[in-house]
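Worksheet: one structure, shown below.
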Amino acid sequence: MTKKKIIIDCDPGIDDTLALLYALQHPELEVVAVTVVAGNSPIELGVKNAFVSLELLNRLDIPVYKGAATPLVRNYVSAQDTHGMDGLGENDFQLKTSYRVQEQSADAFLADYFASEQDTAIIALGPLTNIAKAIERNPNLGQHCSRFVSMGGSFKSHGNCSPVAEYNYWCDPHAAQQVFQMLGRQVEMVGLDVTRSIVLTPNHLEYMSRLNSRMVDFIAKITRFYFDFHWEYEHIIGCVINDPLAIAHFINNDICTGFDSYTDVVTDGLAIGQTVVDQYHFHHKPSNSTILTSVNTHLFWTDFLTVILNAQKEVIAHDLNNLQLG
Ligand code: RIB
Ligand code: CA
């Protein structure tokens, strides 16, 4: 089977890291490059955290590009309250050696890469600052990427940064608006409506530890802090792992379903960062997005755990049903 080529734009971040571990080990994917944007973590920390994942999997062959340190207009606000001051759950992981990012900035790389390449998808897991700047450099980027998937936004689910706004689009609403308006291709929006159903629980970790302790030790370390945050603010046992669902959606279109719509992003005032999904065509504008609204959690957990644990899909599917793990 020919692998699907992807570029992951991310803000590592705990769930970005889980998404990287999933994508880097997935048999159907070829990760061409990782581009980093300020979001969960300040940019230098985000770059370091990207290298933590690449080093863990011995994939330092994959180039890392450093991107925007601040949003296009707003002052930068990190999510270190959620992900820890180190961006990975207060573990302060030390890299075995110092790694160098590529010379080019992330947006310059993306603009140049998509000047010619036409069979690579972009999966954006953070604020869309790099993507918006890359489109400014290369207006054909959206036409040349094979698909564009963004973890972000919210259709009918409540926000996680305000009653109505999700962090990635709240952090840089101007970039999000520019991408929705200028990409020239459907933004496949994997928002809180679907990601909130993907909750990694202590039972998942307990099950995972029975099959593959090496990876699970690392995952347990980085999610402990996330568990505490989720208990305090969302009163759930476990943590919502948003970003891996964007990867899973890209791999298997059956995991999430939704509808096409014109969507805009609020860039100021009380609702800043809100995605306004024009489901009933009030604005009479052509669709620019696919809004994912329902998710088959069993299909997600089966593929995610099969890859992360390097296990047999049939075993995982059977155990998930028997153990009621999703
Ligand atoms: O709102 C959740 C999103 O914001 C996730 O991508 C998380 O990693 C943060 O970037
Ligand atoms: Ca993220």
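None of the figures in this text is laboratory data; all of them are computed from the coordinates on show. These figures come from a predicted structure and were not determined experimentally. FYI the Cβ positions are ideal-geometry reconstructions off the backbone, even for glycines, and counts take in every protein chain you see.
If only the Cβ of Lys and Arg carry +1 and only the Cβ of Asp and Glu carry -1, the dipole of the chain around its Cα centre is close to 380 debye. Here the Karplus relation 6.51 cos²θ - 1.76 cosθ + 1.60, evaluated at θ = phi - 60°, turns the backbone of the stretch 158-165 into coupling constants of 5, x, 10, 10, 7, x, 10, 10 Hz, with x for every Gly and Pro. Spacing of the modelled spin labels on Tyr99 and Ile236, each 7 Å from Cα toward Cβ, amounts to 2.9 nm. Summarising the amide proton neighbourhood of Ala121: residues at separation of 5 or more, or on other chains, whose placed amide H is nearer than 5 Å comprise Lys5, Ile6, Ile7, Ser146, Arg147.
Comparing Thr201, Thr17, Thr275 in a Gaussian network model of the chain (Cα springs below 10 Å), the most mobile by mean-square fluctuation is Thr201.
Among the lysines in the chain, how many pairs, 8 or more places apart or on different chains, have alpha carbons under 23 Å apart? Here the count comes out as 13. In the chain, the alpha-carbon atoms span a convex hull of 124 Å³ per residue.
Taking DSSP loops as anything outside H, G, I, E and B, show the longest stretch in the chain free of chymotrypsin sites (Phe, Trp or Tyr not before Pro) there with at most 11 other beta carbons within 10 Å. No qualifying site falls inside 1-279, the longest such stretch. Positive end of the dipole of the stretch 6-91 (Cβ unit charges, origin at the Cα centre): among Tyr76, Leu45, Ile62, the Cα lying farthest that way belongs to Tyr76.
Cβ crowding within 10 Å, taken as a proxy for footprinting-reagent exposure, orders Met215, Met85, Met208 from fewest neighbours to most as Met85, Met215, Met208. Note on the chain: dipole from Cβ charges, positive end direction compared against Ile237, Trp170, Asn140; the farthest Cα belongs to Asn140.
What's the long-distance tail for the stretch 254-294, i.e. % of Cα pairs beyond 12 Å? Roughly 61 percent, once rounded to a whole number. Beta bridges assigned by DSSP with both partners in the chain are antiparallel in approximately 30 percent of cases.
Comparing mean-square fluctuations of Gly269, Gly153, Gly67 from a GNM of the chain with C-alpha springs under 10 Å, the top value falls on Gly269. Summing Cβ point charges (Lys, Arg +1; Asp, Glu -1) relative to the Cα centre of the stretch 145-237 gives a dipole of roughly 300 debye. The Cα-based radius of gyration and maximum Cα-Cα distance (Dmax) for the stretch 1-147 are 14.5, 45 Å.
Treating the beta-carbon of each Lys and Arg as +1 and of each Asp and Glu as -1, no other charges, what is the dipole magnitude of the stretch 27-177 about its Cα centre, to the nearest 20 debye? The partial results should precede the final answer.
Working: 10 positive and 17 negative charges, 49 e Å.
The calculated dipole for the stretch 27-177 is roughly 240 debye.
The mean of 1/r over all distinct Cα pairs in the stretch 16-81, once inverted, gives the Kirkwood hydrodynamic radius of 12.6 Å. Residue separation of Lys3 and Arg214 scaled by 0.36 nm, minus their Cα-Cα distance, works out to 73.4 nm of gained length.
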